[in-house]
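Quick notes on the structure that follows.
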Amino acid sequence: MENAYHKALALADAELSPAELPALVDELARNPSMVRALQVYMTVGRGRLAKTYEAKRAEPVPQWLIDTVMHAPVEQSVDRSSKVISYGSALLERMRRRYRMPGWSLAAGPAFAAVLAAVSAWMLVPNSSHGGTLMTAQLQGALERTATSQAGFRPLLTYWSNDQNWCRQFEMRTDVERTFAIACRADDGNWRVVMQTPPGSLGAILPAGSPREHLDRYVAASVSGQPLERPQVEEAIKSGWPAPPMAGK
Amino acid sequence: MTDEIRARMVAALPRLRRFAYALTGSTEQGDDLVQETCLRALSRVERWQPGTRLDSWMYRIAQNIWLDRMRANKVRGEVVDVDVVEELPGLDGRDVTESQLALEEVDAALELLPSEQRAVIALVCIEGISYKEAAEITGVPIGTIMSRLARARQALHAILDEPVLARTRLASAKTGS
């Protein structure tokens, strides 16, 4: 009997071969419940559902997604046992895995070198193996366009820095782990992570001198004026992150 | 070779995004799934056989990633971001078109289906893929594809026709209560 219902399904989906049609018609004449099933299959059929979703296909593909495809490295299998993985590299590997970062660099700008050197024990400053300075496109998008929390990303502070850049302190989290970081926006519109704490368990009590404190110290040392309130962040996002009037940039 | 594959991947993105949207019910999560699919495809590009359909291979990767996530969520429990609640429909006056409403209804109905049924609906009914191709992508026999399709459509029809009753019954079935 199930086979007969499958034929009714195939008829609704235009996948029934002509040779099978006569037997199905006979079955439909004998079996009112199969007629009802066919009506259901056709009501919630390919045409109706596909039409409902057609607008989604017509939506423009976000540029960051195209960038992912066009620029993400084609990773080759490597013998990991032969590599000495530094603290920073191991952390980056974990972050890539957890946040699906492509192999682009999380790079520190030279303007921050002095501060980074002072707290380098905590900082993630990986070398770029591809010579680029882009972060994951997804995180770029979140920093560029997000004023409030979204899945896995929570902006904490947004401010204009002494180095004449917009910077944002933020949290990234999974359901078990989280990390805090600061990223600054370069003139080319790309955000670069300048500091990042090692991932830690959710709910863990951070001891004095913790990585998070280093981030706060960095903010205190680099902030110019007051951090933005949420409406100001929204306005900055809307306006494409123009330099504030007092910056004279 | 890789450049050609990248170009073909970009060409497949609109369909892949729609498929991912149908699976996840959210543009953001769908794009996240598409991104992960592309990265995984690029990391295993040597496994794709020239002459076969690249988009089918990517559908398979996307579906596997998504099913893995669904299984992991079952173990860990669903996590809903707080800010998402503000955007839920029905909490305030909405000014949406009829087509958007229909999409929301179908999205909500799809979300109530078991993961495997949702995937097969997305492939066959939304992406227009044949039963045979859907069987290849999902790695199950055609008969299983058709059984899942039939059950999924009966459930969708019930939800869209009698939303309250069907949703309650399906939600109970999903949570095992």
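Read-outs: derived from the displayed coordinates by stated rules, not from any lab. Keep in mind the model is a prediction, meaning the values are calculated, not measured. As a convention, Cβ positions derive from the backbone with ideal geometry for all residues, glycine included, and neighbour counts pool all protein chains shown.
Legend: mean number of C-beta atoms from other chains within 10 angstrom of residue C-beta atoms, peptide B:123-133, equals 4. Highest mean first, the peptides B:110-123, B:3-16 sorted by other C-beta atoms within 10 Å per residue fall in the order B:110-123, B:3-16. In this structure, the amide hydrogen of B:I129, modeled 1.01 Å from its nitrogen in the peptide plane, lies closer than 5 angstrom to those of B:V124, counting only residues at least 5 positions away or on a different chain. Approximating the spin labels as points 7 Å out from Cα along Cα→Cβ, the A:A23-to-B:R53 distance works out to 2.7 nm. Using a simple spin-label model with pseudo-atoms 7 Å out from Cα toward Cβ, B:A108 and A:K238 lie 3.0 nm apart.
Sorted ascending by nearby beta carbons within 10 Å, beginning with the fewest, A:V194, B:V140 become B:V140, A:V194.
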